[in-house]
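Chemist: Can you keep this structure in mind? I'll have questions shortly.
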Amino acid sequence: MYVFTNLLGLKSEKDIEKSKKDIETARQQNNVDLNCEWKKLKPRSVKNNILMNFALSQVEDYDLDKKDVSKLYRLIQLGLQFKKLSSDDFEYENGVVLSIKGLEYNEDTNFFVLTNKAGAISHSTSNKPNVNHLEKAVDKWAKLVS
């Protein structure tokens, strides 16, 4: 069967139907709903593509060099990473970022700047006290010995 189906490319009607169903299932799983909030938009690659399109449109609107597209895109990414921009700052509709609060054009520098203050960086904290594994092992050993 392997020789016929994979090496020679001969497939039955059932094999062809199964392949079509597998492709359709994969397509449906990879279907991205662009008509949602910015926070709920997944995967990250789609967000990055939309942000790159936004950067391109801004550079065209302000008549900047084409190389400034990547600089603006990196500025937005750094703003997100360092909490100067949050998901709430994005005005987004149907696959297009309309504007970003806190990203403004500075005429003196002829480029964009981030005007938001950095938000608090959240750290994961747990209510569990730090466990000293050595103390735990010694206590266990002391119980066994006595």
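The values are calculated or read from the model by the stated rules, or taken from the named source; none is laboratory data. None of these values were measured; they are calculated from a predicted model. All Cβ positions, glycine included, derive from the backbone under ideal geometry; neighbour counts span all protein chains shown.
Chemist: Of all residues in the stretch 89-122, which are within 18 Å of the chain's Cα centre (by Cα) and aromatic (F, W, Y)?
Modeler: Hits for the stretch 89-122 are F90, Y92.
Chemist: On to the next question. Using beta carbons and a limit of 8 Å, which pairs, at least six apart or on different chains, have the first residue in the stretch 64-75 and at pLDDT 90 or above and buried (at least 19 other Cβ atoms within 10 Å of the Cβ) and the second one among the basic types (K, R) and in a helix (DSSP H, G or I)?
Modeler: Here the result reads none, with nothing in the stretch 64-75 linked to a residue that is among the basic types (K, R) and in a helix (DSSP H, G or I).
Chemist: So which of N53, N35 ends up being exposed (fewer than 13 other Cβ atoms within 10 Å of the Cβ) and either in contact with a Phe, Trp or Tyr (Cβ under 9 Å, 6 or more places away or on another chain) or polar (S, T, N, Q) (or both)?
Modeler: Working: N53 fails: exposed (fewer than 13 other Cβ atoms within 10 Å of the Cβ).
The match here is N35.
Chemist: If you scan the stretch 49-63, which residues turn out to be in contact (Cβ under 8 Å) with a residue 24 or more places away in the chain and more than 17 Å from K101 (Cβ to Cβ)? If you could, list the steps in order and put the result at the bottom.
Modeler: We begin by selecting, within the stretch 49-63, every residue in contact (Cβ under 8 Å) with a residue 24 or more places away in the chain; these are 50-51, 53-54, 58, 62.
Residues satisfying the conditions are N53, Y62.
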